[in-house]
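Notes to accompany the following structure.
The values are calculated or read from the model by the stated rules, or taken from the named source; none is laboratory data. What you see is a predicted model; the values in this text were computed from it and never measured. Neighbour counts run over all protein chains shown; Cβ positions are idealised from the backbone, glycine included. The area values use the complete protein model at the heavy-atom level, side chains included, leaving out ligands, DNA and RNA. Shrake-Rupley method; radii C 1.70, N 1.55, O 1.52, S 1.80 Å.
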Amino acid sequence: MTANDEYVLEILESVGLIDHRQAAEALQSVEEKDRDLIDVLVEMGVAKKMDILKALAGQFGMEIIDLSSHNIPQDVIDSVPSDVARRYKVVPAYRMDNTLTVAISDPLDVETLDSLRYVLKCNVEGAVAPPEQIAAALNEYYPQSGGAVETMLEEITEGSVAVPTTAMQELIGEDVEVSEADAPIIKLVSLVILEAFRNRASDIHLEPMAKKFRIRYRIDGVLHEVESPPKRLQAAIVSRIKIMSNMSIAEKRIPQDGRIQINVMGRDLDLRVSTIPTNHGESVVMRILDKEGLMLGLPQLGFLSDDQQTFERLIGMSDGILLVTGPTGSGKTTTLYACLNQINRPDRKIITVEDPVEYQLSGVNQVHVRSDIGLTFSAALRSILRQAPNIIMIGEIRDMETAEIAVNASLTGHLVFSTLHTNDAPSAITRMMDIGVKPFLVASSTRGIMAQRLVRKICSSCKEEYQPSDLELRLLGPHAEQVREAKLYRGAGCANCSHTGYKGRWGVFEIFAINDEVRHMIYEQVTAADLRRKARELGMRTLREDGLRKALAGMTTLQEILRVTMGDAAL
């Protein structure tokens, strides 16, 4: 039961469609059977579905539309792309001036209307139609080719799969025979992964809600909801994924981690799978690691020429530590791999210590940390120093022991790359000292620090010029004058970018090169604010300033820069 259910019952009682006793019975049935309220009321025989929809539509000032007899012009159909219509389960009915009226089945679903206003960039109003009419209209006006997740969901009938079967529980490899009941679920899970890969998703989120089993893809750092399978298939889908990732399907009370290695469209994919129990079942996240998609050069990361020269000088040094900082999901690992790819030559020995090893690098010795058998970061580092490497990459400096070994390695002729979780570059210095590394060791070993964030690229197929809004200019503060009269661009939205206006991502960077003057300040244990002021005096650009350069160059939008650098100090 949700607050919306109670509100719906109040409306239906107020218009005399049901009485208080019927409302109480309906609520009890919803709680016991976890069913949709309107379906429960119809099954109870207390009201017809159209009468309920009319009552709710009247409450919100919406009209009732009969799609079966309503002829929709082609230009109105074209105003809503097929993937958008199917994702939100709406059908455009008619357009007047800049207002588009769409048929929806739930008058209370204001979130869908808000999302459509953003995606379609026009005013969107709702009209109510029965869900079966909307489904029929979608099939009529937006015919779909086979193979999509939505088509697969339509093929699974009510009696296909209710719970995981014995055959599915025993399924481990493709050579094992499966029953007819299991086949649709196996195909559906495969299609979910395939669609995620086709849409360039980095993560697949399968989240159990009270009345639905939501599937979302993270594309270019932003979550997008796709067609949800019926709630009744939740247990079967989760069990299938757990079998594929060698997890225990009997254990549902504790979190589990697993791994799936598959080949999709000729590409080897590594899926890191994580499950965690929630109120309504197990939540599953699959992180997609494309082994062939990481071999980026520095220009593809988003470096402008001057920053690239500075960074290439830092990674070309013979010893010292180079730190890459930023929050989770800011592309630090991708940057480190690009560095190793840049300097990987036959005359250099490179060893990495990672938890876990995410991508295989040709010519590089990669060590997978396993704390359960005592192979920690620090233990691995002690051992690999005896392997006489030239370059060491540490996935993350997490504690004093790891930090001290990394510093000592850098002071004995090794070039060390690693990451830290700090908001900006100068803060990494104070973070190292907070961990416990002595200031003179930090000063002696650190060669440079780079903070980074990821922003979405403007789609090249629908790029258009626009004027920044007053709100954007106010949020820019002292940088507003820099862009007020400049040419700025954004994506209008097209089929090539799934109507988001963006396709792909690259970084904005803050590079802090350490010189003798800065080393003296570190030895004196000055604050991060003092280090930041000195870095600015020496020419360091902040994340926001680098982002603005890329917005002015038409590489990304002001909206993206404001989103990822909201906490950036305008010094």
Options V8, N98, S444, ranked by Cα towards positive dipole end of the chain, top entry (Cβ charges): S444
MRE, 222 nm, helices only [DSSP H, n ≥ 4, -39500 (n - 2.57), over the chain, to nearest 500]: -11500 deg cm²/dmol
Between the stretch 419-485 and the stretch 188-232, the alpha-carbon center distance in angstrom: 31 Å
Among I52, I392, M265 the positive-end extreme of the charge dipole of the chain (Cβ point charges): I392
Entries in K252/K332; K49/K89; K89/K457; K332/K438; K121/K231 that, when Cα-Cα distance is taken, lie over 23 Å: K252/K332; K89/K457; K332/K438; K121/K231
For the stretch 219-354, the Rg and Dmax computed from alpha carbons only, in angstrom: 19.8, 59
Amide N of the stretch 332-362 lying under 16 Å from the label point, which is placed 7 angstrom from the Cα of S274 along Cα→Cβ: 332-333, 355-358
Whether the stretch 368-445 is rounded, prolate or oblate, judged on the alpha carbon gyration tensor where a/c under 1.5 counts as rounded: oblate
The chain, accessible surface, carbon-and-sulfur percent (1.4 angstrom probe): 48 percent
Cα gyration tensor shape of the stretch 418-571, rounded if a/c is under 1.5, else prolate or oblate by comparing a/b with b/c: prolate
Order of exposure, largest accessible area first, which applies to D51, D97, D220 with probe 1.4 Å: D97, D51, D220
Cα centroid separation - the stretch 289-363 against the stretch 8-56, whole Å: 59 Å
Cut-off under 5 Å, modelled amide H: who pairs with V353 long-range: V367, M393, I394, G395
For the stretch 64-111: rounded, prolate or oblate by the Cα gyration tensor [a/c cutoff 1.5]: rounded
Inter-probe distance in nm under a simple model that places probes 7 Å from Cα toward Cβ, at R382 and H520: 3.9 nm
Candidates per GluC sites (Glu not before Pro) in the stretch 485-538, loop by DSSP, up to 10 other Cβ within 10 Å: E485, E524
Phi to ³J(HN,Hα) by Karplus 6.51 cos²θ - 1.76 cosθ + 1.60 over the stretch 205-220, Hz, x for Gly, Pro: 10, 10, 10, x, 9, 4, 10, 8, 10, 7, 10, 9, 10, 8, 10, 6
Table column - 3J(HN,Hα) (Hz), the stretch 466-474, Karplus curve with 6.51, -1.76, 1.60, x for Gly and Pro: 8, 9, x, 6, 4, 5, 4, 5, 5
Long-range HN-HN contacts of D220 with modeled amide H, under 5 Å: S202
Estimated dipole of the chain in Debye, rounded to 20 [Cβ of Lys and Arg +1, of Asp and Glu -1, Cα centre]: 2180 debye
Amide H contacts under 5 Å for Y94, placed H, 5+ residues apart: T101
FRET efficiency, 1/(1 + (r/R0)^6) with R0 41 Å, evaluated for E6 and S82 via beta carbons: 0.70
Rel. contact order, % - alpha carbon contacts under 8 angstrom, at least six apart, the chain: 9 percent
Residue-wise HN-Hα coupling along the stretch 120-131, computed from phi with Karplus coefficients 6.51, -1.76, 1.60 (Hz; x: Gly, Pro): 8, 6, 8, 6, 10, 10, x, 10, 9, 9, x, x
Equivalent ellipsoid, the chain (semi-axes from 5 times Cα gyration tensor eigenvalues, Å): 50, 31, 21
Net length gained if the chain between H368 and N199 were fully extended (0.36 nm per residue, minus Cα distance): 57.9 nm
Extreme residue, positive dipole direction of the chain, given options P356, I254, H499 (C-beta unit charges): P356
Antiparallel DSSP beta bridges within the chain, percent to nearest 5: 65 percent
Cβ charges +1 (Lys, Arg) and -1 (Asp, Glu), total dipole of the stretch 347-424, debye: 380 debye
Computed FRET value (nearest 0.05) for L223 with S190, which takes r as the C-beta separation and R₀ as 25 Å: 0.70
Label-point separation in nm, S69 to S14, each point 7 Å along Cα→Cβ: 3.0 nm
Q309 paired with V264, simple spin-label distance in nm, labels 7 Å along Cα-to-beta-carbon: 4.1 nm
Accessible area per residue, Å², the chain with all protein chains present, probe 1.4 Å: 46 Å²
Dipole in debye (nearest 20) - the stretch 336-490, about Cα centre, beta carbon charges: Lys, Arg +1; Asp, Glu -1: 400 debye
